[in-house]
C-alpha cells in the first residue's frame, strides 16, 4: 500500500473505535438498508450475468437434444459423457501440462525482472519497466497474430535466420513451445509490475539491517525479498492458473496458420466453443463449460486454502 | 533475521563488502545487460509490426533486408489509406465499436464496483458476510466458462447480436469490487464519514463528497483494468455477435486472419491490412498506459499488498 500515498490513512484501520461502533448499532437497521442500496446495482448484474448463466448452463447440461427424439431430460448423462470423452479429457490433460510449464516460466521471468528492476535505479531501468509491461496493453488476439507472423515460414525471420531447417513453432512437436512463448510474452510484464510494486512497498530499513548482519545482495533478494512478497506471488499464481486452465484465444487465433496441428479439441474451452458454434450441441457444450468452471473453481479454492497462511486473499 | 546471521559468515564478507564500488559497478552492468535482453524480447513483435506496416503487399514476402528491417520503399501511408477505405471503411467501425464496448463496459463495471466496494467496507448490512463470501467465490469463476451459457441465455431473450450483449456482461467485475473494498476499508476513515453525517449530510452526499475523492487511485485502477479487459476481450464478442458491423477490432482482425489464410481478399493483400490494422489498434491503449503511469503503477498492486 505504500506506493499509494495520495490518500490519508487512518492509524489503525483494522480496529473500529468503540464509540463509532455503538453509534453504528443504534442506526443498525437504517444502515443495513443503505448498505444494500449501495450494493444493489452490482448485485443485479451479478445475478443476471453470473448466477443466472451458471444455473442455466447447469439446467441445459441436464438435457440432450437429438434430431429424432427432440429435447429430453438426461440427468447427469452429459457429465458421464464428458468425463469419458477422449476429446475433453485430452484437452484437460493439455491445459494441466501447459499450466505446469507456462506458469513457472512466466513467474520466473517476472520475478527476475522485478528483482533486477528493484535493485537498479537508472533512466534505462525505468524505460525497461515500461517496455516489459507493454504487451499487457495489447489484446491477446493481436499478440497471437503477431507471433503467428513471426513463426510463419513464409515471411517470418526464423526462415531467414536458419534457412530451410528453421523450426516451425506451430508444428505438432513444437506447438507447446510456441504457445509457451506467446503466453509468457503476453503476461510476464503484468506480473512483473505487481511484484515490483510489492517490492517497492517493503521498508528499506529491513535491507539495511540485513546488510549490517552481513547478508549479500543475493541473500537479501532470495531470503528476504521473495518471502516478503509471497502474497503478491500467490495472487499472481491464482490469476495465471485461472487464465491458463481456460486457455482459448491463442489456439483459436493460430488455428488457420498451424496447418492442422491445432485440433478443434486442443483445450476444453476451444472444444466447447466448437461444439456450440460448429455443431450446435449447446447442451453438451454447456456441460463442458460447467464442468471446466467447477474444475477451475475447486483447483483454485484448494490452492488458496493450502496457502491461506501466506496470502491475504481468503482471510 | 536469524537465518541471515547464521549464513552470513559462510563466505564472510566484511560489512559493506557487497557494496564496494567495483562490485556494485559490475553488478549494475550485468543488470543492465539482462534488462536490455528482456527489452529486446518484449519489443520484438512490435518492432516487426512497425517495420512490416511500411512494406507493400509483395514486399512482406520477399523483403531484401529480412523480416526485421525496412524493405524497399515506404508504403505506410498507402497501407493506412487502404486500411481505412477497405470494405467501406469497416475497420473504423470496428475501432468505434471497441471504443464503445470498452467505455460502456469499463465505466459501468467501475461505477458498480465503487458502490459495492463502499457498501462492503463501510456498512454492516444483514447478509454482508454471505454476500462477500459469494463475491470471493465469483473471483475464482473463470469468466470464459460463462460465455457459452450467456450466449444461450441472451439468445432466448433475443438479445444476441446487439451492443448490449457485449456491454452488459462486461460490467461484471467481482475482482474490481474486491479491490475497492480493500482500498476503501483503509483509505476512508469511519470518523470522517460520521462527522459528515453529524453535519447533516445525506448518505449519498457523504459517499460522493467524502468517500469518493479518497478512493480516487483505486477508481482509476479499476477503470483502467476493466477498460483494458473489455477492449482486449475476444471470446465474448466472438460468441454473441454474428453481424460483422458490430464486431470489435479484435474479432474483426481475426476475421481477416481467417480470410487471408483462405486467400479471400478480393485482390487486396489482407496480410498488409492485418498488420497495419494491428498496429493502429494497439496504439490507443499503449498511449493510455504511458499517459496514466502515475496511477496504475501503484494501483495494480492494491490487491496484493494486504
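Table for the structure above
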{"item": "Compactness relative to 2.2 N^0.38 Å, alpha carbon Rg of chain B", "result": "1.33"}
{"item": "Sorted by Cβ density within 10 Å, fewest first, the residues B:286, A:236, A:220", "result": "B:286, A:220, A:236"}
{"item": "Amide N proximity, the range B:117-146 versus residue B:194 label position 7 Å along Cα-to-Cβ, cut-off under 16 Å", "result": "B:122-124"}
{"item": "Chain B: relative contact order in percent, alpha carbon pairs under 8 Å with at least 6 residues between", "result": "25"}
{"item": "Number of partner chain Cβ atoms within 10 Å, mean per residue of A:106-115", "result": "1"}
{"item": "Descending semi-axes in Å of the range A:129-265, equivalent ellipsoid built from Cα gyration tensor", "result": "39, 17, 13"}
{"item": "B:193, B:146 arranged by Cβ crowding within 10 Å, fewest neighbours leading", "result": "B:193, B:146"}
{"item": "Estimated distance in nm for a label pair at residue A:208 and residue A:29, the labels positioned 7 Å out from Cα along Cα-to-Cβ", "result": "5.7"}
{"item": "Principal axis dimensions, the protein assembly as shown - Cα atoms, whole angstrom, descending", "result": "75, 73, 49"}
{"item": "Stretchable slack from residue A:90 to residue A:108, in nm (0.36 nm times residue separation minus alpha-carbon distance)", "result": "3.7 nm"}
{"item": "Cα-based shape type of chain A, given that a ≥ b ≥ c are square roots of the gyration tensor eigenvalues and the cut on a/c is 1.5", "result": "oblate"}
{"item": "Ranked B:31, B:173, criterion: other C-beta atoms within 10 Å, fewest first", "result": "B:31, B:173"}
{"item": "Average partner coverage of B:32-44, which counts Cβ from other chains inside 10 Å", "result": "6"}
{"item": "Net length gained if the chain between residue B:47 and residue B:290 were fully extended (0.36 nm per residue, minus Cα distance)", "result": "85.7 nm"}
{"item": "Average beta carbon contacts from partner chains per residue of B:212-225, 10 Å cutoff", "result": "1"}
{"item": "Gap separating the Cα centres of the range B:225-250 and the range A:110-140, nearest whole Å", "result": "28"}
{"item": "Chain lengthening between residue B:70 and residue B:159 when straightened (0.36 nm per residue, less Cα-Cα)", "result": "27.4 nm"}
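Only the coordinates and a few stated rules stand behind these numbers; no lab work does. Predicted model, so just to flag it, every value in this text is computed and none were measured. Note that each Cβ is placed from the backbone with ideal geometry, even for glycine, and that neighbours are counted across all protein chains shown.
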